[in-house]
Amino acid sequence: MSPELIPFILFLVTFLVLLAGYPVAITLAGVAIIFAGLGIWAGTFNPSDLGFIPGRLFGVVTNQTLIAVPLFVFMGVLLEKTKIAENLLTNLSELLGHFRGGLAITVVLVGMLMAASTGIVGATVVTMGMMSLPIMLQRGYQPSLATGTIAATGTLGQIIPPSIALVLLGDVLSNAYQQAQLNMGIFAPKSVSVGDLFAGSLIPGLLLVVLYLLYLILRAVFTPAAMPERPKTKAVALPSILSALLPPLVLIIAVLGSIIAGYATPTEAAGVGAMGALILAAAYGRLTVDTLRATCAASMSTTAMVFFILIGASIFSLVFRGFGGDEIVQSTFNNMPGGMWGALAIVMLVIFLLGFILDFIEITFVVVPIVGPALMAMGVDPIWLGVLIAVNLQTSFLTPPFGFALFYLRGVAPSSVATTEIYAGVVPFIVLQLLLLILLLIWPALTTWLPQMIYG
């Protein structure tokens, strides 16, 4: 067997084992160690490379940026379990619900805030589905429109900062960018931070929300039967709405603003967010021992999963590079028709297809370290690449028949809502996400302008 084929066979076998349903972290590490053992036996793998594993694992557990993960997860889970988001939905629907399409607009706005606070697609889709879908169906909304709006809004957690996905992606891209520069002979490499990625994703994220809102407004104008108008039954209590809206909004702005403005690192801002969520929960009188225990348990479970996968992915990437996989990928991209654009198109297609069967965590930790250095060595901006990957995965999670967001929503939707209606409802939002992706490809400045303005 040609040694050049071994990295591709390693990736293929790992992919097939994942499809068989084995745990991600164990699969990544286990398959890699087995291939390393076979490579040592065959003389194609240097056993001294395995000596770098302890250093890699130590680097994972001491990574300052990744400390932000459990804190952001804690913040999001606490806001969800204390029903602060639900309270926000209720009050905003009283303000906008009597307008045609007002409830759908409310769902998008609340979902945007939830996405910014949780950053986890599954949590946002399930929570919004349980809170808003029964209300929308009760008020006569077309099932396909209601489910499509909720599913699409849930995927905003991929692109709206401060997102867990962006924190993990930012850390991986930083390492990949430094590796790319070292491969090019630059021994004083520049870095890209999570704050850079937050700033780069802010305009695309808000632009996507605007596209969603414009679509819903047009639907209200041209297909009014899909979203019936509800008569205004009582006066809107503005103080109640402000008390529900302003505190979580101030918290998110404080967290995100402190990172982008450079006043705090993502880890420090995550600590502020977690403490702010605790203060909000206590101020609303919903901070109980049971709630705190459930929040800590959920946060610990998610954090353990993330770090376990990251450790497995570190071992996988080490073995992949030990077989010369990074050099083979670089050579393949350089010889590909279309140069940088051809390589970028292939990577985006592969990531889109992998998004049907793998979560963003696995894709971030496995695929990006392999293709990222090669693409960035060809001149691809790391911030632009990160936002493209996030939007791409967002679209993948929404695309029938395998999109994760559709499965999450199907699990909480009533049996009266057909699966085909969910599929039909997301199609317009997929078109809008693809439109955003095209705009980002045509005008990379949509992602790079704000980081350059802030950080220079």
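Throughout, read-outs are computed from the coordinates displayed, never taken from laboratory work. Every value quoted in this text rests on a predicted model; they were computed, and no experiment measured them. Reconstructed Cβ throughout: ideal geometry from the backbone, glycine too, with neighbour counts over all protein chains shown.
Measuring nothing but how far apart in sequence close Cα pairs (under 8 Å, 6+ apart) lie, relative to its length, the chain scores a relative contact order of 28 percent.
Note on region 162-307: Kirkwood radius taken over Cα pairs, Stokes-Einstein applied at 4 °C and 1.567 mPa s, translational D equal to 67 µm² s⁻¹. When you work out D = kT/(6 pi eta Rh) for region 30-109 at 37 °C and 0.692 mPa s, using the Kirkwood radius from C-alpha pairs as Rh and the Stokes-Einstein form, the result is 187 µm²/s. Computed over neighbours whose Cβ is under 13 Å from that of L393, the net charge equals -2, Lys and Arg +1, Asp and Glu -1. Using the average count of surrounding beta-carbon atoms within 10 Å as a protection proxy, the listed peptides 158-167, 263-272, 246-255 rank, highest first, as 158-167, 263-272, 246-255. Of the residues G403, L206, A29, the one whose Cα sits farthest toward the positive end of the charge dipole of the chain, with +1 on the Cβ of Lys and Arg and -1 on the Cβ of Asp and Glu, is L206. The charge dipole of the chain, taken about the Cα centre with unit charges on the Cβ atoms of Lys, Arg (+1) and Asp, Glu (-1), comes to about 1080 debye, rounded to the nearest 20. Within region 120-192, the proportion of C-alpha pairs whose separation exceeds 17 Å stands at 59%. Phi angles of region 368-378 translate, via the Karplus equation with coefficients 6.51, -1.76, 1.60 and θ = phi - 60°, into HN-Hα couplings of 4, x, 7, 8, x, x, 5, 5, 5, 5, 8 Hz per residue; Gly and Pro are given as x. With helices as the sole contributors, the chain gives -25500 deg cm²/dmol at 222 nm; each DSSP H run of n ≥ 4 counts as -39500 (n - 2.57), and the sum is divided by every residue. Once Lys and Arg get +1 and Asp and Glu get -1 on their Cβ, which of A225, L280, L292 lies farthest toward the positive end of the dipole of the chain? In the chain, that residue is A225. Take the alpha-carbon centre of region 388-456, take the same for region 244-302, and report the distance between them in whole Å. Value for the Cα centre distance between the two parts: 26 Å. Ordering M112, G339, P369 by Cα displacement along the dipole of the chain toward the positive end leaves M112 in first place; charges were set at the Cβ atoms of Lys, Arg (+1) and Asp, Glu (-1).
When you restrict to C-alpha pairs under 8 Å that are six or more residues apart and normalise by the size of region 22-173, the relative contact order lands at 23 percent. Classify region 300-415 from the C-alpha gyration tensor, please: rounded if a/c falls under 1.5, else prolate or oblate depending on whether a/b exceeds b/c. Verdict is oblate for region 300-415.
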